[in-house]
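Each remark here refers to the structure printed beneath this line.
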């Protein structure tokens with residue numbers, strides 16, 4: 001490890017060598033890509049509980065059977081799956097998929113084998129959300145701690161009730177447990193972080209991996225994010241933030257999210273995320289790995305938030321544009337060289353508008369001719385995982401020279417963008433931009449380039 | 001090696017402002033003098049009725065009102081207590097850095113990197129919703145009933161303020177920061193990691209100024225429950241002021257604290273350009289993962305040592321070398337020093353792994369003996385402690401140290417503060433789950 005190289009101005013080139021998405025289509029890039037290109041949607045009725053009391057009854061959940069965490073982790077790690085909240089399962093599954101796709105041998109793929117990359121040179125940056133405690137688990141533990149009115153009695157809880165919870169209860173819900181389980185399974189001993197900036201978390205994590213590799217502290221990183229807000233608290237908080245499209249019981253909500261449609265009424269939640277293997281070009285070449293795309297530019301900004309908390313992002317466009325501009329500058333790419341854009345495209349009207357205005361500031365009249373990739377109509381908005389999924393799809397578009405189908409939207413020309421429903425098709429893509437802005441106002445932009 | 005002072009001013013990172021809100025006070029001087037008295041912030045918990053809990057005491061922030069420190073209090077009217085701590089600490093740092101009078105013209109060159117924790121859950125209403133929605137026949141909560149109760153009982157603003165990026169959003173609003181903005185949450189390591197990554201962002205030229213630090217409180221029913229179930233907390237039935245005893249043979253767990261620590265970091269070029277006074281220079285940062293177990297620390301101290309070694313390598317310091325007058329290269333280590341059996345002995349082992357025989361000559365203390373464990377905010381507060389030690393030539397003690405532990409055989413600055421020439425310090429933070437971070441800070445000289 002050369003200390004000198006950490007501060008040199010020449011930046012090591014960074015490539016993506018493995019994609020590990022998890023979405024309502026299942027685990028792995030093939031299921032995701034096939035679903036996206038076929039114009040399918042993972043949005044459907046929520047079945048794990050009766051959602052009829054909430055504003056929406058649909059989500060893009062991972063169907064039972066498509067994420068069997070016990071089958072994914074190494075045999076000697078199965079016991080630990082008992083302390084994995086859904087978000088942790090998503091990250092662990094995504095990491096396994098990415099490691100396999102990148103052709104890496106780790107402790108998690110082959111116990112006792114020599115790791116492809118020395119463990120101390122592998123970092124891990126995973127975006128996570130606020131994981132709520134499981135209501136069933138908590139309520140059943142509290143049953144013996146009810147006061148005369150049926151409310152919670154903290155005295156009895158302190159004396160006896162809390163012992164009804166498993167000793168490791170807290171560890172199911174710490175956001176850093178996504179990265180901790182992943183680093184333990186795959187023996188990543190390098191720099192590790194957990195970013196918690198809502199929808200921007202995944203992209204910020206990938207940006208942080210780029211920074212860590214550039215400064216010489218790792219050769220490769222497991223980078224991305226994962227989350228599921230399809231639970232009581234997740235739905236309630238998103239309702240309080242006015243983000244969800246209303247879908248009443250019995251309504252077909254499969255077209256409820258319509259990004260950049262003038263009639264857009266809100267978003268639909270998804271379960272998922274992605275882990276990517278980000279790696280220095282030197283490391284990838286050294287081990288003969290095929291690069292999928294190059295990460296050429298990154299920038300992050302805090303957006304102006306009139307309401308402080310970034311629920312109202314209607315003033316965010318200038319800062320979103322500034323992030324895009326920063327990423328273009330970092331990449332040494334001109335706006336005219338961007339061939340496709342993967343925005344957050346949430347279907348939340350104010351946020352769609354802010355994104356459209358920001359893109360117009362950068363791309364001018366050409367914006368209406370740049371195809372947008374809109375993922376929410378197919379996989380929903382997956383919280384901290386959503387922008388990692390976006391980067392994953394951008395990389396796949398570059399590899400396949402193809403754009404997936406778009407669903408649900410019409411009339412997007414009124415917002416100056418090309419986002420209407422259409423079939424998948426081939427496209428000549430050299431540079432693809434991902435831009436994401438999360439609740440709270442953190443915005444990140446990443447530019448990926450085709451490997452030639 | 002590229003010694004830090006050979007770096008160009010745009011690649012040197014200095015501290016120009018500091019602030020904290022802690023169980024021992026809400027400004028630099030009050031807290032520092034309390035640390036120099038060996039004071040304890042512990043007392044019975046007042047936030048909720050904890051009398052029957054295995055642990056009924058903590059180090060709470062007392063009598064803190066953020067509003068007098070704010071330019072626009074109305075914008076923060078709904079701020080949770082963690083965001084209030086964050087704003088209070090950041091306002092002090094911003095003022096000390098004279099950014100209120102010599103403000104950067106471009107807010108997009110001012111970034112934020114926090115290691116802040118989630119907000120305090122609305123315990124009574126949240127627990128009531130879960131309990132009242134319980135369907136005994138089905139053995140689970142009824143979704144429809146829960147939704148009804150949730151909408152009825154819980155408050156929208158309060159729920160949104162619990163998101164972990166809210167202290168960040170409040171600080172951005174208050175100071176007009178529009179540059180790179182991050183919040184990380186690596187448990188007890190978070191704010192050390194935030195300060196380290198903020199320095200990396202500055203060196204990479206992505207910003208001129210970074211507000212960095214952390215804020216957190218877990219002194220609430222489910223927070224204490226969680227740590228009690230993990231048996232990580234001291235359950236001492238004696239004087240709470242004596243419950244946190246890092247490195248002592250009788251240590252029995254940590255004591256929860258709460259609060260915030262914030263620093264202003266800038267490139268030296270930017271600080272000098274606007275006539276700000278550098279208080280110290282951040283010369284090294286290391287981050288690692290134990291990759292061992294979610295519940296236990298890697299027993300040989302490999303991960304902790306890796307973080308320290310990486311920070312020292314970045315600082316251009318050989319831990320096995322000595323200065324020309326024979327002194328160790330590092331003058332003080334602010335220990336993670338939680339007071340759990342496992343942490344303190346393994347941290348001791350890791351320091352010996354890094355410094356070899358020299359380890360015994362390096363004073364290492366834990367202010368958690370006095371302030372409690374501020375969880376995500378701990379690292380930032382301890383980083384500030386290091387800068388204060390450099391300026392005052394005094395080392396804060398580890399109080400409540402009475403019985404040596406054969407496994408903890410270093411110099412822990414037992415019980416009373418010590419005068420010392422302090423130039424270079426390490427500050428260690430190790431998170432539950434195995435994320436480890438160390439920063440290296442030194443006296444500033446051109």
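The values are calculated or read from the model by the stated rules, or taken from the named source; none is laboratory data. Bear in mind that the values here come from a model prediction, so they are computed numbers and not experimental data. Please note: Cβ atoms are built from the backbone with ideal geometry, for glycine as well, and neighbour counts cover all protein chains shown.
Looking only at the range B:57-91, count every residue that is in contact with a helix residue (DSSP H, G or I) (Cβ under 7 Å, 6 or more places away or on another chain) and either in a helix (DSSP H, G or I) or under 20 Å from residue B:218 (Cβ atoms) (or both) and tell me the total. Residues in the range B:57-91 being in contact with a helix residue (DSSP H, G or I) (Cβ under 7 Å, 6 or more places away or on another chain) and either in a helix (DSSP H, G or I) or under 20 Å from residue B:218 (Cβ atoms) (or both): 19 in total. Taken over the range B:280-302, the residue count meeting the criterion of being within 7 Å of chain A (Cβ to nearest Cβ), touching a strand residue (DSSP E or B) at 6+ places or on another chain (Cβ under 8 Å) and farther than 18 Å from residue B:386 by Cβ is 2. In the range B:168-279, counting only helices (runs of 4 or more DSSP H) that sit wholly within it, the ones holding 3 or more residues that are under 30 Å from residue A:214 (Cα atoms), more than 14 Å from every other protein chain (Cβ to nearest Cβ) and in contact (Cβ under 8 Å) with a residue 12 or more places away in the chain span B:268-273.
None of A:124, A:145 is over 27 Å from residue B:185 (Cα atoms), touching a helix residue (DSSP H, G or I) at 6+ places or on another chain (Cβ under 7 Å) and buried (at least 21 other Cβ atoms within 10 Å of the Cβ) except A:145. Scanning the range B:35-55 for residues that are closer than 25 Å to residue A:152 by Cβ, surrounded by 17 or more Cβ atoms within 10 Å (Cβ to Cβ) and either in contact with a helix residue (DSSP H, G or I) (Cβ under 8 Å, 6 or more places away or on another chain) or not assigned by TED's automatic domain parsing to the domain that holds residue B:92 (or both) gives B:45, B:50, B:53, B:54, B:55. Considering the range B:327-440, the qualifying helices (runs of 4 or more DSSP H), each wholly inside and each with 2 or more residues that are out of contact with any helix residue (DSSP H, G or I) (no Cβ under 9 Å at 6 or more places or on another chain), run over B:341-355, B:378-392.
Residue by residue, here is whether (1) assigned to a loop (DSSP other than H, G, I, E, B); (2) at pLDDT 95 or above holds:
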residue	(1), (2)
A:2	yes, no
A:5	no, no
A:12	yes, no
A:33	no, yes
A:37	no, yes
A:40	yes, yes
A:49	yes, yes
A:53	yes, yes
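Just to be sure before I move on: is residue A:320 at pLDDT 95 or above and either part of a loop (DSSP other than H, G, I, E, B) or out of contact with any strand residue (DSSP E or B) (no Cβ under 8 Å at 6 or more places or on another chain) (or both) in the structure I sent? No, not satisfied. The residues of the range A:220-235 that are within 18 Å of residue A:119 (Cα to Cα) and within 17 Å of the chain's Cα centre (by Cα), listed by number, are A:221, A:222, A:223. Considering the conditions (1) modelled with pLDDT of 95 or more; (2) over 30 Å from residue B:182 (Cα atoms); (3) more than 10 Å from chain B (Cβ to nearest Cβ), residue A:113 is excluded by exactly one of them, (1). Taken across the range A:80-100, residues that are assigned to a loop (DSSP other than H, G, I, E, B), more than 14 Å from chain B (Cβ to nearest Cβ), at pLDDT 95 or above and surrounded by 18 or more Cβ atoms within 10 Å (Cβ to Cβ) do not occur at all. Considering only the range A:50-60, I want to know if a residue exists there that is within 17 Å of the chain's Cα centre (by Cα) and surrounded by 24 or more Cβ atoms within 10 Å (Cβ to Cβ). Taking every residue of the range A:50-60 in turn, at least one turns out to be within 17 Å of the chain's Cα centre (by Cα) and surrounded by 24 or more Cβ atoms within 10 Å (Cβ to Cβ). Taken together, the residues in the range B:92-104 that are part of a helix (DSSP H, G or I) and over 13 Å from residue B:278 (Cα atoms) amount to 3.
State whether the residues of the range B:133-149 include one that is surrounded by 24 or more Cβ atoms within 10 Å (Cβ to Cβ), in contact with a helix residue (DSSP H, G or I) (Cβ under 9 Å, 6 or more places away or on another chain) and more than 7 Å from chain A (Cβ to nearest Cβ). Checked the range B:133-149: no residue is surrounded by 24 or more Cβ atoms within 10 Å (Cβ to Cβ), in contact with a helix residue (DSSP H, G or I) (Cβ under 9 Å, 6 or more places away or on another chain) and more than 7 Å from chain A (Cβ to nearest Cβ). Looking across the range B:404-427, the residues that are over 20 Å from residue B:388 (Cα atoms) and touching a strand residue (DSSP E or B) at 6+ places or on another chain (Cβ under 9 Å) come down to B:404, B:405, B:408, B:410. Under the condition of being part of a helix (DSSP H, G or I) and at pLDDT below 95, the residues counted in the range B:4-30 number 3. Only one entry in A:253, A:190, A:226 is crowded, with 24+ Cβ neighbours inside 10 Å and away from chain B (no Cβ under 11 Å), namely A:226. Within the range A:121-157, the set of residues being at the interface with another protein chain (Cβ under 7 Å from one of its Cβ atoms), assigned to a loop (DSSP other than H, G, I, E, B) and farther than 26 Å from residue A:84 by Cα comprises A:150, A:151.
Scanning the range B:108-124 for residues that are at pLDDT 95 or above and assigned to a helix (DSSP H, G or I) yields B:108, B:109.
Against the list (1) crowded, with 17+ Cβ neighbours inside 10 Å; (2) in a helix (DSSP H, G or I), the condition residue A:109 fails is (2). Scanning the range A:281-311 for residues that are away from chain B (no Cβ under 11 Å) and either out of contact with any strand residue (DSSP E or B) (no Cβ under 6 Å at 6 or more places or on another chain) or in a helix (DSSP H, G or I) (or both) turns up A:281, A:282, A:283, A:284, A:285, A:286, A:287, A:288, A:290. Filtered by the rule that a residue be in a helix (DSSP H, G or I), surrounded by fewer than 24 Cβ atoms within 10 Å (Cβ to Cβ) and more than 7 Å from chain B (Cβ to nearest Cβ), the range A:158-184 gives A:161, A:163, A:164, A:172.
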